[in-house]
1. Provide a single number: the residues in the stretch 191-226 that are assigned to a loop (DSSP other than H, G, I, E, B), closer than 20 Å to K172 by Cβ and not aromatic (F, W, Y).
2. Out of F321, F357, report the one residue that is at negative phi, open to solvent by 60 Å² or more (accessible area, probe 1.4 Å) and under 24 Å from the mean Cα position of the chain (by Cα).
3. One residue is enough: does the stretch 274-284 have a residue meeting the conditions within 25 Å of the chain's Cα centre (by Cα) and either within 30 Å of N108 (Cβ to Cβ) or modelled with pLDDT under 95 (or both)?
4. Of (1) at pLDDT 90 or above; (2) in contact with a Gly (Cβ under 8 Å, 6 or more places away or on another chain); (3) surrounded by fewer than 24 Cβ atoms within 10 Å (Cβ to Cβ), G104 satisfies all except one. Which?
5. Would you confirm, using the coordinates I've provided, whether V293 is assigned to a loop (DSSP other than H, G, I, E, B), at pLDDT 90 or above and either open to solvent by less than 30 Å² (accessible area, probe 1.4 Å) or not basic (K, R) (or both)?
6. Can you report the number of residues in the stretch 324-337 which are outside any helix (DSSP H, G or I) and open to solvent by less than 40 Å² (accessible area, probe 1.4 Å)?
7. Inspect all residues belonging to the stretch 26-46 and state whether any of them is open to solvent by less than 70 Å² (accessible area, probe 1.4 Å), at pLDDT 90 or above and out of contact with any strand residue (DSSP E or B) (no Cβ under 8 Å at 6 or more places or on another chain).
8. Based on what the data block shows, is T119 touching a Pro at 6+ places or on another chain (Cβ under 8 Å) and within 20 Å of V61 (Cα to Cα)?
Amino acid sequence: MKVSFLRFNINQYVCFAIFLLLMLIIPITQFHKIIGIDLSQKSDSEEQPTVVVTDDGAVVVNTTDIAKDIIGYVGPTPMEIRIKDGVIEKVTPLPNKETPEFFGAVTNSDILDRFEGLTLPEAAELKVDAVSGATFTSNAVINTVKAGVVYALAEENIPAVEKKESQPIDAKWIATIVIILCGALIPLWYRSKAYRTVQLLLNVAVLGLWGGAFLSYSIMVSALTNGLWRVILIPVALMLVVAFIYPMFGKVNHYCNWICPYGSLQELLGKCIPWKLRISQRVGKWLKVFRQVLWFGLMWLLWTGLWFDWMGYEPFAAFFFNDASWAVLMIAGVFLLLSLVVQRPYCRFVCPTGTLFHLSSGHH
């Protein structure tokens, strides 16, 4: 298959710039932050004190400043630790910009409960396993709590626990990179039905179920807010390149067709039943209009700050089926069932993330 990277269409570059600016409005206006740079001018009165002593003698440690450099998937995970008589009574998550699906998997686990009832030295030495499917976020939460504990211990001159990198590079990370690269590069030169089926299966098994790697609105907004600068975020960076840069060289929808695990699962299920519901050209046209109107409506909710939580209802989070909400599982299940008789229904007629990729490519 001949691959051309020499195409130049000014319309595509203009569209990309416009839609990038439209996305940048969200972190700038709603979070006053862009790619990790804080744009707000906080007064001293707005600063949260690191340590507060309550009327009952408890010490409350706020890790916002202590652990600001401990990043989860794409953002810090500040905690409030309540300590009384040298024992941790409660660990409470503070507002954060971490990806909701990953952070929810952690808060629904027993990670924070494990620290409660421990003395500070015990908490500093506690070994806690990361949550499967949310390794980066859970390791960030664990190390954030430990950073607060170490801070509380400092005045007592108790040796601090060495802070470890919160996002280890392991077999899962390596496998995720390999599968993304396979989907990004191999189809440029070689395509066959057998290979496509293998790639789709690997996308679902490795990227979706094992690695929890995909692009969603919450991930993109978090990336624009907090930045993409660490080695462990190479999977996200690679997928963003395929989603936004490939179309500039004629490879429109390459991410959706060859990498997205939820799209892959829909296509695999579609192979189970050869008969497909016929959608007329007129209906297809109206569904395309609906998809774009829906996208603009959801973007308006983000620009105005009226409803950010809709990002948590994209069905990609269903890959964390043990922690996903019933609403997400239901949405994902409905479209998966529909995919048996309609080709990739969520991708073609609903997906806000895919719509952003398509509109920004200049192919309207």
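1. Summing the residues that are assigned to a loop (DSSP other than H, G, I, E, B), closer than 20 Å to K172 by Cβ and not aromatic (F, W, Y) in the stretch 191-226 gives 5.
2. Result: F321 is the single residue among F321, F357 that is at negative phi, open to solvent by 60 Å² or more (accessible area, probe 1.4 Å) and under 24 Å from the mean Cα position of the chain (by Cα).
3. no
4. Checking G104 against (1) at pLDDT 90 or above; (2) in contact with a Gly (Cβ under 8 Å, 6 or more places away or on another chain); (3) surrounded by fewer than 24 Cβ atoms within 10 Å (Cβ to Cβ), the one that fails is (1).
5. Taking the combined requirement at face value, the residue does not satisfy it.
6. Counting residues in the stretch 324-337 that are outside any helix (DSSP H, G or I) and open to solvent by less than 40 Å² (accessible area, probe 1.4 Å) gives 1.
7. Within the stretch 26-46 (the criterion being open to solvent by less than 70 Å² (accessible area, probe 1.4 Å), at pLDDT 90 or above and out of contact with any strand residue (DSSP E or B) (no Cβ under 8 Å at 6 or more places or on another chain)), the answer is yes, since at least one residue qualifies.
8. Considered against the rule, which asks whether it is touching a Pro at 6+ places or on another chain (Cβ under 8 Å) and within 20 Å of V61 (Cα to Cα), T119 comes out as no.
The values are calculated or read from the model by the stated rules, or taken from the named source; none is laboratory data. What you are looking at is a predicted structure, and each value in this text was computed from that prediction instead of being measured. We place every Cβ from the backbone using ideal geometry, glycine too, and count neighbours over all the protein chains shown. Areas reflect the complete protein model, heavy atoms only, side chains present, ligands, DNA and RNA absent. Shrake-Rupley method; radii C 1.70, N 1.55, O 1.52, S 1.80 Å.
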